[in-house]
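Notes to accompany the following structure.
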Amino acid sequence: MFYQVYVRSFRDSNGDGVGDIRGIIESLDYLQTLGVDALWLSPCFTSPQVDHGYDVADYREIDLLFGTVEDMDALISHAHTRNIRVTLDFVPNHTSHQHRWFQAAVAAGRGSAERERYLFRDGRGEQGELPPNNWMSVFGGPSWTRVSEPEGSPQSPAQWYYHLFAAEQPDLNWRNPEVVTEFEDVIRFWLDRGVDGFRIDVSDALIKDADFPDTDGGWPIIPKDPDGEVHDIYRRFRRVFDEYIGDRMAVIETGADDATVAGFIRPDEMHLAFNFRFVKAGFVAEQLRDAIDSSLAANARVGAPTTWVTDNHDTPRSVGRYSQGTQLHGSYVPATTSQIDFDEARGQQRARAMALLLLALPGAVYVYNGQELGLPNVDDLPESALQDPVWEKSGHTNRGRDNCRIPMPWHAEGPCFGFSSAPHTWLPMPDYWGRYSVASQTDATDSMLQLYRQALKLRRAHAPLGRGQLTWIESPADVLHIRLTHDGQSVDVLVNTGKADVPLPSGTVLLASGDVSDGVLPEDAAVWLEGQM
Ligand code: GLC
């Protein structure tokens, strides 16, 4: 069970209103009691923070905002003594515009080896004044930005560089062997320091169509060929991981279809891939069943385990999504929830039910900080408080992802609810945030936090949970009934997404997300039943 720490929103130890590495060290008791096996830290490398760390200026330094390399060493060693692994975010598709390579590329001018590390092209039009093609940036607006050529150079017209995301995130040229070698070295740098692995950002997009042709709608062309160049890069990375003793791993981020995703986790490539199909499913039995079946089948073909995940720092929180049964159709979507039609009680009930599904399914689980508290989205931040670059880059048409990035409440009351001693936090915390706090939920027996703690404890104690062989048991269309078996033991998982009560089959109740005392599973609830075999 991996726990995603969005570092700037987890815990602030030095009172600047932004979470940091020392804050994580101070919270290891909490993480251990929760039952996490590993952490994934959002990027904390030196960065101008245009995209909150997904714009790295130095891959071998920790940003002073979050601490130092020594703090990271301390976190790794403290976490390891508690048997908690530490994985970092690895951002290979693009660097920051402040990375020394990019600065050198701009300064060196056209035709230089420095420019070959990025994707510089000449513009179109008589003076090269038009971008090289019509591709759009994921964050909105064109994906090309023109540089000012160095003074005194005969190199006009000025060139353009490609960026899949913001202009401050220039894409690297992964066809250049120097880029591959540099990143192999970065992987070694952190593995040498005891890091257990990485989450690889935008992993499938490293190689773009070399001709940069115009496309309908301006979508970039990212080749998906399972024998394509991008897979050679991951084979190279895999060989680096295999140089190390002990379990080292990487999980890839790609929103591609299941078969394409599975191509990245073949035995000689990476280890795990996020299951975005599961993220996008609404609280609807058919969508969930499809997501489970299709990802299990695709991964079985390559012999890789599956991951189960509902929440992350790019997606509106599931409590809000499930309250409406909404299916997501892409990442970076504007909030699907609004204060007006958000049914909190229903969202919480369904998120509880989903926690039991998530933690039962066979494979690795990722939980995003605050998910275990049932944090809702905060969709009414004033425009002046919005921080996500998506807001600006989309010309104020997309409010971006701040709604799921609000700092964690630790105490029920007091300044910043125990997150920080600063007068203000980097995103404001709503005045009602205390009711979701760790302290209030630790005191309540029926809280989301207690449900997660109990479920994770049971998951360790009962072999079928998280590991069993999965079979479907016949059930009404809006009910999921799964049987997990392992070493002669079995656990049945039922999730009721319909309106009618469902009679409980035989078995001992291990845990339920709602009230099952009448022998029926009510709507919006899930149960784990231990069976006799
Ligand atoms: C990934 C990250 C996201 C970031 C983007 C660009 O999708 O999860 O937060 O903005 O990559 O690096």
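Since only Asn93, Ser506, Thr442 are under comparison, the one whose Cα sits farthest along the positive direction of the charge dipole of the chain, derived from C-beta charges on Lys, Arg, Asp and Glu, is Ser506.
At a probe radius of 1.4 angstrom, the accessible area of the chain per residue rounds to 38 square angstrom.
Is the shape of the range 468-530 rounded, prolate or oblate, going by the alpha carbon gyration tensor and its root eigenvalues a ≥ b ≥ c, with a/c under 1.5 for rounded and a/b larger than b/c for prolate?
Numbers: a/c = 2.32, a/b = 1.45, b/c = 1.60.
Oblate.
Shown are Lys208, Lys280, Lys224, whose ranking by accessible area with a 1.4 Å probe and every protein chain present, most to least, is Lys224, Lys280, Lys208. What shape does the range 150-284 take by its C-alpha gyration tensor, where a ≥ b ≥ c are the square roots of the eigenvalues and a/c under 1.5 counts as rounded, a/b above b/c as prolate, and the rest as oblate? Oblate.
Positive-end ranking of Trp219, Ala79, Ile21 along the dipole of the chain, with charges on Cβ about the Cα centre, is headed by Ala79.
The charge dipole of the chain, taken about its Cα centre with unit charges on the Cβ of Lys, Arg, Asp and Glu (plus for the first two, minus for the last two), comes to roughly 800 debye. Electrostatic bookkeeping for Pro522 treats Lys and Arg as +1 and Asp and Glu as -1; over the other residues with beta carbon under 14 Å from its beta carbon, the sum is -2. Here the dipole of the range 468-530 is about 140 debye; that uses its Cα centre as origin and unit charges on the Cβ of Lys and Arg (positive) and Asp and Glu (negative).
With a Förster radius of 30 Å applied to the C-beta separation of Asp478 and Thr442, the computed FRET efficiency comes to 0.30. Computed from Cα positions, the angle between helix 448-461 and the longest principal axis of the chain comes to roughly 80 degrees.
The length gained by stretching the chain between Glu344 and Lys224 to full extension, at 0.36 nm per residue less their Cα-Cα distance, is 39.2 nm.
List the equivalent ellipsoid semi-axes of the range 52-143 in whole Å, largest first, each obtained as the square root of 5λ for an eigenvalue λ of the Cα gyration tensor.
Values for the range 52-143, descending: 38, 16, 10 Å.
Here Asp192 and Leu130 are evaluated by their C-beta separation; at R0 = 51 Å the FRET efficiency comes out at 0.65.
Using R₀ = 60 Å, calculate the FRET efficiency as 1/(1 + (r/R₀)^6) where r is the Cβ-Cβ separation of Ala104 and Arg435; round to 0.05. Working shown, then result.
On the way: r = 51 Å, r/R0 = 0.86.
Rounded to the nearest 0.05, the efficiency is 0.70.
A dipole drawn for the chain from +1 and -1 charges on Cβ atoms has a positive end, and of Ala297, Leu164, Gln49 the residue lying farthest that way is Ala297. In units of the rule-of-thumb radius 2.2 N^0.38 Å, the range 1-79 shows an alpha carbon radius of gyration of 1.04.
When the convex hull of its Cα atoms is viewed from all sides, the range 413-484 shows a mean projected area of 8.1 nm².
Would you kindly calculate the mean projected area, averaged across all directions, of the convex hull enclosing the Cα atoms of the chain, in square nanometres?
On the way: hull surface 100.1 nm².
So the Cα hull casts an average projection of 25.0 nm².
Ligands, DNA and RNA aside, Glu70 has an accessible area near 120 Å² when probed at 1.4 Å. May I have the pair-distance distribution P(r) for the range 382-533, computed from all Cα-Cα distances with 5 Å bins from 0 and rounded to whole percent? Whole-percent P(r) values from 0 Å outward: 2, 9, 13, 13, 12, 11, 10, 12, 10, 6, 2, 0.
For the chain, the longest principal axis of the C-alpha atoms and the axis of helix 177-192 are separated by about 40°.
Give me D for the range 95-171 in µm² s⁻¹, whole number, from Stokes-Einstein with Rh from the Kirkwood sum over alpha-carbon pairs, 37 °C and 0.692 mPa s. D, rounded to a whole number, is 263 µm²/s.
In the chain, the longest principal axis of the Cα atoms and the axis of helix 229-242 are about 70 degrees apart.
Only beta bridges with both residues in the chain are counted; by DSSP, about 60 percent of them are antiparallel. On the protein heavy atoms, probe 1.4 angstrom, tell me the percent of accessible surface of the chain carried by carbon and sulfur. Looking at the chain in its full context, I get 50 percent from C and S. Prolate is the label for the range 146-191, because a/c, from the alpha-carbon gyration tensor with a ≥ b ≥ c as root eigenvalues, is 1.5 or above and a/b exceeds b/c.
The values are calculated or read from the model by the stated rules, or taken from the named source; none is laboratory data. Every value quoted in this text rests on a predicted model; they were computed, and no experiment measured them. Reconstructed Cβ throughout: ideal geometry from the backbone, glycine too, with neighbour counts over all protein chains shown. SASA here: full protein model, heavy atoms, side chains in, ligands and nucleic acids out. Shrake-Rupley method; radii C 1.70, N 1.55, O 1.52, S 1.80 Å.
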